[in-house]
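Enquirer: This is the structure I want to talk about, given as structure tokens.
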Amino acid sequence: MHPVSVTLEETFSLPRQQIFDFIVAEDVLPKVLTGYGPLPAVVTTRDVSGPWDQPGSWRHVVLADGNTAREEVTEFKPGIYFAYRINEFTFAVKYLATHAQGQWWFTDAGAGETKVRWTYTFYAKNALAALPLKAFAGLMWRGYMQVCLNQTRKLTKAN
């Protein structure tokens, strides 16, 4: 395997369980993945197979351009850790990656604050595919992730 990862960290002025619950909510993606440059927003999810706090539950994520991907919960530790696997891409990443993995860690960062670390790892199909995938992840996907965290901050301050 040829992993290509991007990691971002942010500190939120919210208790750990509160920011965890917001980030892992079943309906959060269209609120926070609003697009970045040519990367389209998430407009909905569909075909949810079970409770979103249960490993093995999956859904299809639908993008504004009509493309989709399948997302499956792989680990769920309330207030601490959330992980998921993404595959069945219908957009260009399908030519470069077999799948991706998202991981979120939540740790206390002082009185009422939480440090959130998000790692997104694409698994390139081969060493050759890892080169453009690394460029894509560093230039575009990092920005997409940052928009998500910025939207999360904006929406959690409003609540």
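Enquirer: Can you tell me the length gained on complete extension of the stretch Ser5 to Tyr81, counting 0.36 nm per residue apart and subtracting the Cα distance? Mind showing how you got there, number by number?
Expert: On the way: separation 76, 0.36 × 76 = 27.36 nm, distance 1.76 nm.
25.6 nm is the gain from fully extending Ser5 to Tyr81.
Enquirer: So if R0 is 25 Å, what FRET efficiency would Ala135 and Trp105 give, r being the distance between their Cβ atoms, rounded to the nearest 0.05? Spell out each step's value before the answer.
Expert: Details: r = 26 Å, r/R0 = 1.05.
Efficiency at R0 = 25 Å is approximately 0.45.
Enquirer: Provide the descending list of Cα extents for the chain along its principal axes, expressed in whole angstroms.
Expert: 46, 30, 28
Enquirer: Shifting gears a bit: Ordered by packing density, taken as the mean number of other Cβ atoms within 10 Å over each peptide's residues, highest first, how do 146-157, 94-105 rank? Write down the numbers at each step before the final one.
Expert: Numbers: 146-157: 15.8, 94-105: 17.9.
Sorting 146-157, 94-105 by mean packing, highest first, produces 94-105, 146-157.
Enquirer: Return a whole-number percent for the relative contact order of segment 2-158, with Cα pairs under 8 Å and 6 or more residues apart as the contact set. Each step should come with its number before you reach the end.
Expert: Working: 328 pairs, mean separation 48.3, N = 157.
Across segment 2-158, relative contact order equals 31 percent.
Enquirer: Using a simple charge model, +1 on the beta-carbon of Lys and Arg, -1 on the beta-carbon of Asp and Glu, nothing else, what dipole does segment 93-159 show about its Cα centre, in debye to the nearest 20? Walk me through the numbers before you get to the answer.
Expert: Details: 9 positive and 2 negative charges, 37 e Å.
Computed charge dipole of segment 93-159: roughly 180 debye.
Enquirer: Among His2, Gln18, His99, whose Cα lies farthest out toward the positive end of the dipole of segment 2-158, if unit charges sit on the beta carbon of Lys, Arg (+1) and Asp, Glu (-1)?
Expert: Positive-most Cα among the choices belongs to His2.
Enquirer: Here's a follow-up. My understanding is that a pair violates if its Cα-Cα distance is over 28 Å; which of Lys31/Lys77; Lys77/Lys134; Lys31/Lys94 do that in this structure? Write down the numbers at each step before the final one.
Expert: Details: Lys31/Lys77 23 Å; Lys77/Lys134 30 Å; Lys31/Lys94 25 Å.
Check vs 28 Å cut-off fails for Lys77/Lys134.
Enquirer: With a point put 7 Å past each Cα toward its Cβ, work out how far Arg117 is from Gln17 in nm, to one decimal.
Expert: The two pseudo-label positions are separated by 2.4 nm.
Enquirer: Using 0.36 nm per residue, how much length does the chain from Arg46 to Ala25 gain when fully extended, once their Cα-Cα distance is taken away? Provide the component values of the computation, followed by the final result.
Expert: On the way: separation 21, 0.36 × 21 = 7.56 nm, distance 1.42 nm.
Gain on stretching Arg46 to Ala25: 6.1 nm.
Enquirer: For segment 1-81, go through all pairs of different Cα atoms, get the mean of 1/r, take its inverse, and jot down that Kirkwood value in Å.
Expert: Result for segment 1-81, one decimal place: 14.3 Å.
Enquirer: Once you put a point 7 Å from the Cα of Ala127 and another 7 Å from the Cα of Asp65, both along the Cβ direction, what distance in nm separates them?
Expert: 3.0 nm
Enquirer: Under 19 Å Cα-Cα from Lys125, which aspartates and glutamates qualify once same-chain neighbours fewer than 8 residues away are excluded?
Expert: Answer for Lys125, where 19 Å is the Cα cut-off: Glu71, Glu88, listed by chain and number.
Enquirer: Let me ask something additional. Whole angstrom only: what separates the Cα centroid of segment 81-155 from the Cα centroid of segment 43-66?
Expert: Here the answer is 17 Å between Cα centres.
Enquirer: Against the longest principal axis of the chain, how steep is helix 142-158, in degrees 0 to 90 to the nearest 10, with axes from Cα atoms?
Expert: In the chain, helix 142-158 runs at an angle near 20 degrees to the longest axis.
Each value in this text was obtained by applying a stated rule to the coordinates, not by laboratory testing. Just so you know, these numbers come straight off a predicted model, no measurement behind them. Cβ: placed from backbone, ideal geometry, glycine included. Neighbour counts: every protein chain shown.
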